[in-house]
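A short worksheet on the structure shown next.
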Amino acid sequence: MPIHEIRHPLIRHKLGLMRRADISTKNFRELAQEVSALLTYEATKDLPVENVDIEGWCGTVAVEKISGKKVTVVPILRAGIGMLDGVLSLIPSAKVSVIGLARNEETLEAHTYLEKLVGELDRRLALIIDPMLATGGSLIATIDMLKKAGAKEVRALVLVAAPEGIAAVEKAHPDVSIYTASIDQRLDEHGYILPGLGDAGDKIFGTKQKDT
Ligand SMILES: O=P(O)(O)OC[C@H]1O[C@H](OP(=O)(O)OP(=O)(O)O)[C@H](O)[C@@H]1O
Ligand SMILES: O=c1cc[nH]c(=O)[nH]1
Ligand SMILES: [Mg+2]
């Protein structure tokens, strides 16, 4: 079950707002975090829990807590930062591992400029976050790095995914589940997702927006 398109009404509504050509940086940022929180809820619904006894107001109470080592969230720079607060709003004690990648706009190959991973990856769930899964090159490179560093359980959260990218990731890493708000139609000749969101990094960082 590697690809999960989460067709929740709140996600569909919010993603629809994000597709507007005239969306402001502020609104795009806010919606990216909100959709990311909703995807996190889905992507963590099978986390293992353990029973513990705590002291409650009326004596000892049996409660559940998430077991195992803390999750690591792995934003792919830059655009993955635009999802981080949304994910951390639900997993506030997660460790953050950072991967810096830039896609060469001509060759579409991902170039790595930063790799800063937390320890004990073999004992943590790694949740990669990036708004766009286009050709899949960036996500595959990130999974390669995580697995090389010991990660055994890896999931990816993307706002929008192209069928071409999904197929590439499934082929390279069939064990990695992908959670997305939408499987879109296809890539254009420049490797952009259609209908997609445009350049998510530029929209989140305001780098191509005119000052008003
Ligand atoms: O699936 P792929 O074909 O690899 O493309 C997707 C990647 O491209 C974008 O990042 P970009 O390289 O533009 O960097 P940015 O986040 O700094 O804008 C996006 O955020 C993904 O990381
Ligand atoms: O559609 C796309 C593809 C890659 N990166 C983006 O920001 N958007
Ligand atoms: Mg970009």
Might you report the magnitude of the Cβ-based charge dipole of the chain about its Cα centre, with Lys and Arg at +1 and Asp and Glu at -1, to the nearest 20 debye? 260
In whole angstrom, note down how far apart the Cα centers of the stretch 12-41 and the stretch 51-99 are. 22
0 to 90° range, to nearest 10: angle between helix 81-90 axis and the chain longest Cα axis: 20
Given a cut-off of under 8 Å on Cα pairs at least six residues apart, what relative contact order in percent is computed for the stretch 1-83? 22
Just for the Cα atoms in the stretch 141-195, what are the lengths along the principal axes, largest first, rounded to whole Å? 36, 21, 15
Which whole-number percent is the relative contact order of the chain (Cα, under 8 Å, 6+ apart)? 23
Which listed pairs, of 148/203; 95/152; 70/147; 14/45; 147/208, have C-alpha distances above 26 Å, in listed order: 148/203; 147/208
Got a sec? How would 184, 144, 130 order by Cβ neighbour count within 10 Å, fewest to most? 144, 184, 130
Among 132, 149, 209 the positive-end extreme of the charge dipole of the chain (Cβ point charges): 209
Determine, for 66, 54, 91, the number of other Cβ atoms within 10 Å of each Cβ, and report the residues in order from fewest to most. 54, 66, 91
Note on the stretch 29-98, DSSP bridge orientation, antiparallel percent to nearest 5 equals 80
Residue-ordered couplings for the stretch 53-62, obtained by feeding phi - 60° into the Karplus form 6.51 cos²θ - 1.76 cosθ + 1.60 and rounding to whole Hz (Gly and Pro as x), are 9, 10, 8, x, 5, 10, x, 6, 10, 8
Given the DSSP H assignment, sum -39500 (n - 2.57) over each helix run of at least 4 residues in the chain and divide by its residue total; what's the result at 222 nm in deg cm²/dmol, nearest 500? -9500 deg cm²/dmol
Taking neighbour Cβ counts within 10 Å as the exposure measure, how do 28, 205 sort from fewest upward? 205, 28
Rounded to whole Å, √(5λ) for the Cα gyration tensor eigenvalues of the stretch 53-124, largest first, gives 38, 13, 8
Counting only DSSP beta bridges fully inside the stretch 1-158, the antiparallel percentage to nearest 5 is 50
Roughly speaking, what % of Cα-Cα pairs in the chain are separated by over 30 Å, rounded to a whole number? 22
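Computed from the coordinates by the stated procedures, all read-outs in this text should not be read as laboratory data. It should be emphasised that the depicted structure is a prediction, and the values quoted were computed from it without experimental measurement. Please note: Cβ atoms are built from the backbone with ideal geometry, for glycine as well, and neighbour counts cover all protein chains shown.
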